[in-house]
Each structure stands twice: as C-alpha cells, then as structure tokens.
Amino acid sequence: MTQPTLTLIIPAYNEAEVLPETIRELTPILTQMIDSQKISPNSKILFVNDGSKDQTWELITTAQVLNPMISGLSFSRNYGHQNALVAGLTTALSTSDIMVTIDADLQDDIDVIPQMVDEFLSGSDIVYGVRDNRTTDSAFKRTTAQTFYNIMHFLGVDMIPDSADFRLMSKRAVAAFLEFDERNLFIRGIVPLVGFPSSKVYYKRNKRFAGVSKYPLRKMVKFALDGITSFSIAPVRFLLILGSFSMLIGLLMFIYVLYCVVTQHVVRGWASTITSLWLLSGIQLLAIGIIGEYIGKIFTEVKHRPRFIIEEDTFSSDTFE
Ligand code: UDP
Ligand code: MG
C-alpha cells in the first residue's frame, strides 16, 4: 500500500496567542512521519479560522508562506467549533486518506498522532483520542461532564466517555459522517453511529498553555442541551408519563372533592389549591419548554441553511495549483 495522505484539521477561534507554538510543535510530528515513510509527503495541516477577531488568520497565511505544509480556510463569521470541523473535513476529504481533528490549544497530546496512524494502518477507520484522566479539569467541569455522560447513557446514546474532538478518521468514515446532514450537529454523538472498525488511543490532557477557553459555561450548557435533544426524544416521552401521572392525581382529587361535597365537609384548602397551582404550572411550563426545544430543532433543520460560509480557502487553491 502506498503511504496514506494525512490532513490535520485544526479549528481556531481567536487563537493568535497559541498559534505560533501550535505550528512549531505540530510541524516536526508530521515531518517525522513523512521522513519515516509512514504518511505521504502530501500530508498537510489545515487550519479553519472560525471568524476570529484577532490576528489568527494573518498568522495562518504568513506561516503558509514559510511552511508549505500549512493551509487554511477562513469563515465569513463565527460558526462554531463543530461547524469548523465539518468544513475542514469536507474540504480535506477529496485529497486525504486520513484526517485527524485536534484543538488549536494543544491541550490534546499531539505525540499520540503517530500511534493513531498506526491504528489506522492496522485496520481502524476511526481512532478516538481518549483522556486517561481529568486531573487538569476543575472539579466543576469534571462533575458536569460526568453527569452529562450519565444522562446521555441513560437516554441510550452511545458516546465514548472522555473523548472530545481529537480523533482520526479514514476517508470512508469521513464520507459516511458527512452524510449526516444536520444543522444541530453534535459530532461526538454521531461519529459512533457511523460504524466501521474503531479503536482508542489514550493520552493525558494538558492545561491550555495560553489564552482562555472559548467554551464558557453558557456555550457548554447549550452544547449539552443540543447533545441531548438532537439524539433522543426521551425527554418528551417523559413528559407524557409525567402528564398522565398528574392527570391521574387530578382525577383522584376530583373524586375526593365530590366526596367532600356529598358528605358536606367544608372545603378549606387554600394551601392545597395554591400548591397544586404552582406545581402544575411548573410542570406545564417545563413541558412547553422541552417541546419548544424540539420544535426549535425542527425549525433550524427545516430551513436547511448553510452550516458555514467560506470566505477564503488556501487549502484547495494550493492543491490544484
Ligand atoms: N473553537 C472554534 N470556534 C468557537 C469556539 C472554539 O473554532 O466558536 C475552537 C478553539 O479555537 C479550539 C477548539 O475549538 O481550537 C476548542 O476550544 P477551547 O480549547 O476553547 O475549548 P475547551 O478546551 O476549553 O473545551
Ligand atoms: Mg481547549
């Protein structure tokens, strides 16, 4: 077999602080694999500039002049991490045999990339990078992440715990993945649905060495809610059960009230009225909220808007020169 062409796909949003170091560290990893004839000399690093407001894009295009391995896509605005990954995979697909996605901040251990390639060479189409501990995360992030995995597992979604978007995929796995044409994209839930032989590579996750996380709590909550509601209608089904249950209680109450009227008991209950009022309104609002979340999903899917718009592409222009 001829050596496979690898493309490293790196989404970057306001990463000017880390980018030069990222390039400095990644280049030798690729060069070594090319020199040892593990991968083809056409292998590349593809940055996806997700509408950064800092010098990110300038840094990428300048680096490209000195280092022909580097290329980039630039979005017309910020479309989010998940869409940046899709854009990178879509663009790299035609010229690559394997694609590795990794964050720009080098929190994931780039030294395991050759190991991922070995796994590919021995037959895996998808190689997940899995963190072997979470000691670099805050206790809060650890607990919320664990709760999220538990909920997803309970809802029957088969995710690989402690694996983020650091993974290798073969050409056919990426092609299959791109068939999932949904706007509400939750990549780490979808990749296991693609099937094909897969394996895992374990690594330690470092702290971000510069800059701040681009995933504040607000984005994390949105990400988790998207993950849950794009994979399972169990929450809505739960509403049905909750609704039936409270209807049953209501019915029993009604019978009880009738009984009180017949036996001429005085109906005293202000407390019970106000309690059930609040309780039931709460349940109803919750129910409407959950259903609204799904209708919102349908709304965005039906419009079928583009997932990203590319303003500049130095990867493809580069390849067809
Ligand atoms: N990112 C992106 N668009 C966004 C937010 C983040 O492309 O809107 C990129 C970011 O530049 C980084 C990766 O997604 O390469 C992961 O983000 P970050 O490291 O901030 O997340 P964390 O590691 O804190 O979960
Ligand atoms: Mg990070």
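Before moving on, here are some points about what is shown:
- Amide H within-cut-off set for Ser43, under 5 Å, with H built and near neighbours excluded: Leu6
- Helices of the chain meeting both criteria, an alpha-carbon length of 30 angstrom or more along the long axis and an average Kyte-Doolittle score not below 0.5, with helices taken as full DSSP H segments, are 234-262, 270-303.
- Positive-end ranking of Ala164, Gly243, Pro197 along the dipole of segment 104-254, with charges on Cβ about the Cα centre, is headed by Gly243.
- Gained length - Phe238 relative to Ile255, 0.36 nm times residue gap less alpha-carbon distance: 3.5 nm
- When the C-alpha to C-alpha distance is required to be over 27 Å, the pairs from Lys219/Lys297; Lys141/Lys200; Lys53/Lys207; Lys44/Lys297; Lys38/Lys214 that qualify are Lys44/Lys297; Lys38/Lys214.
- Loop-resident chymotrypsin sites (Phe, Trp or Tyr not before Pro) (DSSP state other than H, G, I, E or B) in segment 230-321 with no more than 13 further Cβ atoms inside 10 Å of their Cβ: Phe320.
- Built amide H within the under 5 Å cut-off of Gly72, gap 5+: Phe47, Thr314, Phe315
- Computed extension length for Leu66-Phe154: 26.7 nm, one decimal, from 0.36 nm per residue of separation with the Cα-Cα distance subtracted.
- Here is the list for segment 111-192: GluC sites (Glu not before Pro) lying in DSSP coil, each with at most 13 other C-beta atoms within 10 angstrom of its C-beta, are Glu179, Glu182.
- Looking at the chain, the DSSP beta bridges with both ends there are about 35 percent antiparallel.
- Placed amide H near Gln55: partners under 5 Å, 5+ positions off or other chain: Ala16
- Translational diffusion of segment 232-302 was estimated from the Stokes-Einstein equation, with Rh taken as the Kirkwood radius over Cα pairs; at 10 °C and 1.306 mPa s the coefficient is 110 µm²/s.
- Placing unit charges on each Cβ (+1 for Lys and Arg, -1 for Asp and Glu) gives segment 1-144 a dipole about its Cα centre, and among Thr62, Ile39, Leu106 the Cα reaching farthest toward its positive end belongs to Thr62.
- Cα shape, the chain, gyration tensor, a/c 1.5 rule: prolate
- When each of the peptides 69-78, 25-34 is scored by how many other beta carbons lie within 10 Å of its residues on average, the order from highest to lowest is 69-78, 25-34.
- Gain on full extension, evaluated as 0.36 nm per residue between Leu280 and Lys141 minus their Cα-Cα distance, stands at 46.7 nm.
- Among 279-291, 155-167, the peptide with the highest mean count of other Cβ atoms within 10 Å heads the list, and the full ranking is 155-167, 279-291.
Bear in mind these aren't lab numbers, they're just calculated from the coordinates by the rules spelled out. Not measured: the values here are computed from a predicted model. Using ideal geometry, Cβ is built from the backbone for each residue, glycine included, and neighbour counts are taken over all protein chains shown.
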